[in-house]
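The values are calculated or read from the model by the stated rules, or taken from the named source; none is laboratory data. A quick note: this is a predicted structure, and the numbers were derived from the prediction, not measured. Note that each Cβ is placed from the backbone with ideal geometry, even for glycine, and that neighbours are counted across all protein chains shown. Just so you know, the surface numbers come from the protein's heavy atoms only, side chains and all, with ligands and any DNA or RNA stripped out. Shrake-Rupley method; radii C 1.70, N 1.55, O 1.52, S 1.80 Å.
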Amino acid sequence: MAENSKDNKFWDPEITTASRDKIISIQIENLKKTLKHCYENNNFYKKRIDDAGLNPDKIKDLSDIEKLPFTSKDELRENYPFGLFCTPLSKVVRVHSSSGTTGNPTVVGYTKEDLEIWADALARIMYDVGVREDDIVQVSHGFGMFTGGFGFQYAAERIGALVIPISGGNTERQLKIMTDFKSTVLCCTPSYTLYMAEIAEKIGIDFSKLHLKFGFLGAEPWTEPMRAEIEKKLCMNALNSYGLSEVIGPGVSCECLVKDGLHINEDHFLPEIIDPKTGKTLPHNQQGELVFTSLSKKAFPVIRYRTKDISYLYLDDCSCGKKLIKMAPPMGRTDDMLIIRGVNVFPSQIEEVLMQIKDLEPHYLIVLTRENYLDKIEVWVEVSEKIFHEKLMDLEFFEKSIEDKLYSAIGIHIKVSLKEPRTIARSEGKAQRVWDRREKI
Ligand code: DLL
């Protein structure tokens with residue numbers, strides 16, 4: 001039991017440091033149970049498993065899963081709200097739902113045991129980097145239908161830490177509480193930490209005098225230069241935490257202190273990488289779309305769920321001691337990929353270039369327009385207070401030099417428009433990095 005391992009370096013050492021053979025045998029056992037459960041309790045899955053000619057009891061190899069079709073977000077929506085639940089509603093004790101701007105949201109459900117699994121999976125991640133019962137965890141993710149707030153709340157409580165369920169927003173209050181309660185752990189989106197840093201500077205709070213040790217930051221893509229900026233400003237270890245509502249919420253994977261890839265909780269979530277165009281499974285180290293099959297939850301299992309997130313999987317000898325497979329930080333989603341004059345561009349590639357340029361602030365917006373049937377891409381980015389007011393630089397020349405850097409990194413011309421400090425909208429949750437004005441022009 002997890003609780004008994006609290007004196008260890010790791011929460012579940014028998015899983016996280018297990019040999020590859022042992023992990024695979026756990027996954028096969030859990031996969032059989034999950035497929036059987038789906039088969040017996042939901043007609044959608046029963047038909048799929050029958051059509052694939054698969055007998056869950058006879059699964060011998062993880063690759064047998066490739067006989068089953070993928071599940072898409074559209075299929076979850078078509079079965080709104082509870083059509084893909086695999087337990088009676090009387091056994092479901094919680095629902096969450098994922099944000100979506102059009103159509104039905106996707107609704108996900110949890111039994112009591114599923115909530116235990118979720119808390120345990122995320123507690124494992126937090127404990128393994130060093131969160132203990134004397135920590136003070138400020139949960140600045142939204143509480144509600146979004147999984148961020150409740151996910152971290154229950155996981156930190158599971159460890160026995162003191163939790164501040166402050167949710168997102170009211171940044172000055174966040175900083176007061178962080179100072180007065182001496183928060184040691186912060187859970188929110190990476191973009192929100194930078195907004196916190198900006199307000200802290202304005203009201204004279206110095207993070208080097210606060211007590212933050214770790215930030216579990218996720219729910220949106222971010223880059224290495226952004227991490228450097230966050231660590232410098234907030235004086236903490238900024239760790240990339242990944243998850244999605246359909247699979248469970250936060251707790252699917254997270255970086256350890258080595259900060260080189262996110263260890264996946266493989267006993268609960270079976271990852272695959274596929275070619276998003278052909279659906280073909282790709283080998284380790286090759287980039288493609290992440291697909292997950294849940295291996296233990298009951299109310300809302302997912303089979304080969306296409307996340308649309310771009311990453312790759314790899315095994316390495318991580319010096320943290322954990323042997324769980326890693327995924328590269330998701331660089332974006334297939335549906336966020338911009339195709340500009342035939343070139344594929346992810347917002348994170350633009351961020352990577354901008355964040356390495358001195359005198360730019362980490363606040364930017366990519367604006368898409370259309371002129372004479374041609375797509376145009378422009379990036380608005382704030383300059384530092386110092387150069388804006390003291391006019392220490394020829395801004396036009398500066399714009400041109402950034403355009404050149406973007407061109408040499410990405411290969412297309414991106415117009416740069418420098419903006420006054422604090423003119424681009426800040427985010428207290430998931431940042432909106434792209435403003436697509438093409439339809440309206
Ligand atoms: O964002 C769950 C979460 C909460 C994860 C708090 C981490 C921390 P959804 O709202 O369903 O769930 O959105 C899931 O967000 O498919 C990715 O596209 C994106 N995403 C989540 N974490 C990361 C990350 C939560 N670390 C969608 N890096 C996913 C990049 C991320 N993208």
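I need every pair where a residue in segment 155-178 that is assigned by TED's automatic domain parsing to the domain that holds T193 has its Cβ under 7 Å from the Cβ of a residue that is of a type in the set (D, E, K, R) and open to solvent by 80 Å² or more (accessible area, probe 1.4 Å), sequence separation at least 6 or different chains.
Within 7 Å, the pairs are I159/E133; G160/E133; A161/E133; V163/E157; G168/E428; G169/E428.
Could you run through segment 420-435 and say how many residues are more than 16 Å from the ligand (Cβ to nearest atom), open to solvent by 60 Å² or more (accessible area, probe 1.4 Å) and out of contact with any helix residue (DSSP H, G or I) (no Cβ under 8 Å at 6 or more places or on another chain)?
Looking only at that region, the number is 3.
Filter segment 255-264 down to residues that are more than 8 Å from the ligand (Cβ to nearest atom) and within 18 Å of W11 (Cβ to Cβ), then give me how many there are.
Looking only at that region, the number is 6.
For the subset of segment 206-225 comprising residues that are assigned to a loop (DSSP other than H, G, I, E, B) and of a type in the set (D, E, K, R), which member is farthest from S140 (Cα to Cα)?
D206
Filter segment 1-49 down to the residues that are at pLDDT below 95 and of a type outside the set (K, R), then identify the one that is nearest to K322 (Cα to Cα).
Checked segment 1-49; the qualifying residue nearest to K322 (Cα to Cα) is N8.
Looking at segment 58-84, which of its residues are in contact (Cβ under 8 Å) with a residue 60 or more places away in the chain and under 22 Å from T111 (Cβ atoms)?
Across segment 58-84, the qualifying residues are T71, L76, L84.
Go through segment 285-299 residue by residue and tally those that are open to solvent by 20 Å² or more (accessible area, probe 1.4 Å) and within 18 Å of V252 (Cα to Cα).
Residues in segment 285-299 being open to solvent by 20 Å² or more (accessible area, probe 1.4 Å) and within 18 Å of V252 (Cα to Cα): 2 in total.
If you take the residues in segment 95-125 that are touching a helix residue (DSSP H, G or I) at 6+ places or on another chain (Cβ under 6 Å) and either within 23 Å of K36 (Cα to Cα) or aliphatic (A, V, I, L, M) (or both), which one is farthest from the ligand (Cβ to nearest atom)?
It comes out as T111.
Scan G288, G321 and give me the residue that is within 16 Å of the ligand (Cβ to nearest atom), in contact with a Pro (Cβ under 9 Å, 6 or more places away or on another chain) and small (G, A, S).
When all the criteria are applied, what remains is G288.
Go through segment 186-205 and count every residue that is open to solvent by 10 Å² or more (accessible area, probe 1.4 Å), outside any helix (DSSP H, G or I) and either among the aliphatic types (A, V, I, L, M) or touching a helix residue (DSSP H, G or I) at 6+ places or on another chain (Cβ under 7 Å) (or both).
Result for segment 186-205: 1.
Check G215 against each of (1) within 19 Å of the chain's Cα centre (by Cα); (2) of a type in the set (G, A, S); (3) surrounded by fewer than 16 Cβ atoms within 10 Å (Cβ to Cβ) and name the one condition it does not meet.
Among (1) within 19 Å of the chain's Cα centre (by Cα); (2) of a type in the set (G, A, S); (3) surrounded by fewer than 16 Cβ atoms within 10 Å (Cβ to Cβ), G215 violates only (3).
Test G53 against the criterion of being on the phi > 0 side of the Ramachandran plot and more than 20 Å from the chain's Cα centre (by Cα), and give yes or no.
So G53 passes the test.
In segment 21-30, is there at least one residue being in a loop (DSSP other than H, G, I, E, B) and either closer than 30 Å to A123 by Cα or in contact (Cβ under 8 Å) with a residue 12 or more places away in the chain (or both)?
There is no residue in segment 21-30 that is in a loop (DSSP other than H, G, I, E, B) and either closer than 30 Å to A123 by Cα or in contact (Cβ under 8 Å) with a residue 12 or more places away in the chain (or both).
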